[in-house]
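This report concerns only the one structure given below.
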Amino acid sequence: MINYTKLIYQLKRKLSSFSKKITKKLSKPKSKFVFQVLYGLLENQTVLLSEISRALKEDITLKKTIDRLSRNFKNFDEQQKIMDDYINTIKPIINEDTIFCCDKSDIIKPHSKKLEALDRVRDGSTGKTEDGYDTFEIAALTTEHEMPVSIYSHVYSTLEKGFKSQNMETIAGLEFVKEHFGNIGIYALDRWYDNNLFFKYFTKKGDECDFVIRAKKTRDVIYKGEKMNIFDVANLYKGKYVTHFKDKYDNHKKVKFSYTNIKLPAIPDKELTLVIVRGFGKSPMILISNLKPKSKRLTRVILKTYIKRWKIEEYFRFKKQQFNLENIRVRSLNSIRTMDLILTILIGFIAIFSEKRKTTKLSLWISKLSKRIYEIPKFDYYAITDGIFTILKKTRKGIQSFIDKNLKFKASQQLNLPNLLL
């Protein structure tokens, strides 16, 4: 027999503990707000304020709860503080071998007219230009199961005051990661980042970072002392080595690859590695990296690094579909950013469950209650959130008792502060 009361309590307690860690620097009202939104998102799995409010089950009218949350979203100005504490919480799953997956996404709002700084952006799923916002995200693959956990997410509009360029938005994200983690790991980026600005950024003397960038076919390179089109260079290599991989759709692929040394006209003093991969389509996939392979094994690392970048695309789909992100109905850009931030942090909470899959009784019950027809897939975030939803839909109370405990904890910290200063 399933003891839902015990499972509900354990879930709420874990979320309460997690929320306490990431809101240590916030005031009591703002800590309460973040915890309530985290819980509302987790229970009803939607960004609609009405559904988040219903999950709280407060002894006031639903309209008053919605109005309070709406004001807090609009006025929330502690994004940096909460993100710093969140990073400190997930740091144990980041190490020297971590792959940082970088990519652009979007929030499409084709039927909205009143949103602040509503922009024209390319819809990544259809290729059409629609009203909405661009986002830039960096996700780190976890140590144990290599699942994506976001460490940077920013929603922006080219129409907002002070906007410089999309490249500068990317640089800001990269600088954030360096500030918190140093120059560890390997950065994996798609063709959009085949730009001399980023090659110079990653190869800056004294501040180098390992990277793998997929190249555009129009790029020129210096090959054996001559300037050539990169696609012409790729056609000289038919695939010296053979290996097997799964593509982004989980299909098995027999892959041939080769590598050679090149330089870029913009930075002729830096020797880079060109990897030519055949087997993922009609045209070869061309990768540029500053990693220096001297064998098939090390060359395969470059290829494997880029292929793992595809996990961020699955992460974007999960973020949008599981929580219906594009159905967000707040008007101010700050409200949208705050919702995106708290949802990003919640997925970090889910990632922690993913890392502990099958190692705790709670994670085992969550997996069992996800009611999958087949075994739990490698990208198990969907299964985890479905299992949590099955548990929390049985609850009759909100989280007020846990909020009271958290606020007492903060009060005790504040009372002890004078003693620490004596």
> What residue, among those in region 319-376 that are within 23 Å of Lys74 (Cβ to Cβ) and of a type in the set (Asp, Glu), is surrounded by the fewest Cβ atoms within 10 Å (Cβ to Cβ)?
Replying inline: Glu326
>> Restricting to region 34-52, name every residue that is assigned to a helix (DSSP H, G or I) and closer than 22 Å to Gln321 by Cβ.
In response: Val37, Leu38, Tyr39, Gly40, Leu41, Leu42, Glu43, Asn44, Leu49, Ser50, Glu51, Ile52
> Val177 fails exactly one of the following numbered conditions: (1) closer than 16 Å to Cys101 by Cβ; (2) out of contact with any strand residue (DSSP E or B) (no Cβ under 7 Å at 6 or more places or on another chain); (3) in a helix (DSSP H, G or I). What is the number of that condition?
Replying inline: (2)
>> Go through (1) over 30 Å from Val301 (Cβ atoms); (2) modelled with pLDDT under 95 for Thr89 and report which single condition fails.
In response: (1)
> For Asp250, all conditions in the list (1) without any contact (Cβ under 8 Å) to a residue 12 or more places away in the chain; (2) assigned to a loop (DSSP other than H, G, I, E, B); (3) on the phi < 0 side of the Ramachandran plot; (4) of a type outside the set (Gly, Ala, Ser) hold save one; what is the number of the exception?
Replying inline: (3)
>> Return the residues of region 34-63 that are of a type in the set (D, E, K, R) and either surrounded by 24 or more Cβ atoms within 10 Å (Cβ to Cβ) or under 15 Å from Ile350 (Cα atoms) (or both); say none if nothing qualifies.
In response: Glu43
> Before we move on, is Ser19 among the small types (Gly, Ala, Ser), touching a Lys or Arg at 6+ places or on another chain (Cβ under 9 Å) and in contact (Cβ under 8 Å) with a residue 40 or more places away in the chain?
Replying inline: no
> Any idea which of Thr218, Thr158 is among the hydroxyl-bearing types (Ser, Thr, Tyr) and closer than 23 Å to Ile307 by Cα?
Replying inline: Thr218
> Here is a list of conditions, (1) farther than 22 Å from Leu15 by Cβ; (2) touching a strand residue (DSSP E or B) at 6+ places or on another chain (Cβ under 8 Å); (3) not β-branched (Val, Ile, Thr), and Trp310 meets all of them except one; can you say which number that is?
Replying inline: (2)
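Does Gly127 meet the test of being farther than 22 Å from Gln79 by Cα and not hydrophobic (A, V, I, L, M, F, W, C)?
Values: farther than 22 Å from Gln79 by Cα: yes; not hydrophobic (A, V, I, L, M, F, W, C): yes.
Yes; evaluated as a whole, the condition is true for this residue.
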>> With the requirement that a residue be touching a residue at least 24 places away in the same chain (Cβ under 8 Å) and buried (at least 18 other Cβ atoms within 10 Å of the Cβ), what does region 146-168 give you?
In response: Met147, Pro148, Val149, Ser150, Ile151, Tyr152, Ser153, His154, Val155, Ser157
>> I'm checking my understanding of the structure. Among residues of region 229-247 that are assigned to a strand (DSSP E or B) and not charged (D, E, K, R), which one is modelled with the lowest pLDDT?
In response: Phe245
>> Kindly evaluate Thr260 against the criterion of being free of Cβ contacts under 8 Å to residues at least 60 places away in the same chain, surrounded by fewer than 19 Cβ atoms within 10 Å (Cβ to Cβ), part of a strand (DSSP E or B) and β-branched (Val, Ile, Thr).
In response: yes
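Restricting to region 264-285, and then to whatever is touching a Gly at 6+ places or on another chain (Cβ under 9 Å) and assigned to a strand (DSSP E or B), can you tell me which residue is surrounded by the most Cβ atoms within 10 Å (Cβ to Cβ)?
Within region 264-285, the match that is surrounded by the most Cβ atoms within 10 Å (Cβ to Cβ) is Val277.
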> Since Glu130 meets every condition but one in (1) part of a helix (DSSP H, G or I); (2) over 30 Å from Val301 (Cα atoms); (3) in contact with a strand residue (DSSP E or B) (Cβ under 6 Å, 6 or more places away or on another chain), which condition does it not meet?
Replying inline: (1)
> Of these, Leu272, Leu291, Leu298, Leu333, which one is of a type in the set (A, V, I, L, M) and modelled with pLDDT under 90?
Replying inline: Leu298
>> Against the conditions (1) without any contact (Cβ under 8 Å) to a residue 24 or more places away in the chain; (2) touching a Ser or Thr at 6+ places or on another chain (Cβ under 7 Å), where does Asn95 fall short? Just the number, please.
In response: (1)
>> For region 125-145, give me each residue that is surrounded by fewer than 17 Cβ atoms within 10 Å (Cβ to Cβ) and within 20 Å of Tyr382 (Cβ to Cβ).
In response: Ser125, Glu144, His145
> Is it true that Phe100 is of a type in the set (Phe, Trp, Tyr), surrounded by 19 or more Cβ atoms within 10 Å (Cβ to Cβ), touching a residue at least 24 places away in the same chain (Cβ under 8 Å) and under 30 Å from Ile302 (Cβ atoms)?
Replying inline: yes
> Restricting attention to region 1-33, and to residues there that are among the polar types (S, T, N, Q) and assigned to a helix (DSSP H, G or I), which single residue is surrounded by the most Cβ atoms within 10 Å (Cβ to Cβ)?
Replying inline: Ser19
> Within region 211-228, can you find the residues that are in a strand (DSSP E or B), closer than 16 Å to Ile267 by Cα and touching a residue at least 12 places away in the same chain (Cβ under 8 Å)?
Replying inline: Phe211, Ile213, Asp220, Val221, Ile222, Tyr223, Lys227
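The values are calculated or read from the model by the stated rules, or taken from the named source; none is laboratory data. This structure is a prediction, so every number in the text was calculated from the model and none was measured. Here Cβ is always computed from backbone atoms with ideal geometry, including for glycine, and neighbour counts include all displayed protein chains.
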